[in-house]
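Take a look at the structure set out below.
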């Protein structure tokens, strides 16, 4: 698949993601958050729609989270943009050479990724950050289409157990190693699934995930992705 065809297919996925209203609970929640807003963002127009993947269509690295944050990507319209989790992730991607800048505040901030694509199994912000299994399964065809279009992928970094379980299931990983930070599994097609604790405030504030730990994962991802 050449680059123009890859770009066309990813653009089509993005358009279908943004138009989706399949899960009533998620539609109601994301739009309610967009109306109520957080006080700090009361003058902003929230995106309040499903959030498509973002990055380099020629990526060798795929970063998979859980779902958009209510006042992060659900506000800004870009994955991991506008919240503390995104601050951690994009700083690490910048240090690893995947991002041209260490911060991500909005869709027009000039951030670009080279060699990396960021997505999530669930494209809408869920209440309490907890999508149901049915919501996850209804959304997985979008992720499947992204995987099909991203033909150069060599490494998938799963941020958190939810992302790991979704990706292991989707990619047919058997046997499935127990999730843990730094867990690494080779897939049948030769790609590698690599795990990290999620960049949530709960993990970063408590020290369960440190910058050094996150850097080690992306350093490993780069080594795996460029060695083939």
Next item on the list: Say whether the condition of being over 17 Å from residue 124 (Cβ atoms) and under 19 Å from the mean Cα position of the chain (by Cα) is met by at least one residue in region 29-37.
Entry: no
Note to self: If a residue counts only when it is under 30 Å from residue 154 (Cβ atoms) and at pLDDT 95 or above, which helices (runs of 4 or more DSSP H) contained entirely in region 4-118 have at least 1 such residues?
What the structure shows: 73-76, 84-95
Next item on the list: Report, by residue number, each residue of region 207-219 that is without any contact (Cβ under 8 Å) to a residue 60 or more places away in the chain and in a helix (DSSP H, G or I).
Entry: 212, 213, 216
Note to self: All but one of (1) touching a strand residue (DSSP E or B) at 6+ places or on another chain (Cβ under 7 Å); (2) touching a residue at least 40 places away in the same chain (Cβ under 8 Å); (3) not in a loop (DSSP other than H, G, I, E, B) hold for residue 135; state the number of the condition that does not hold.
What the structure shows: (1)
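The values are calculated or read from the model by the stated rules, or taken from the named source; none is laboratory data. Please read these numbers as outputs of a predicted model, since none were measured by experiment. With ideal geometry, Cβ positions are generated from the backbone for all residues, glycine too; neighbour counts draw on all protein chains shown.
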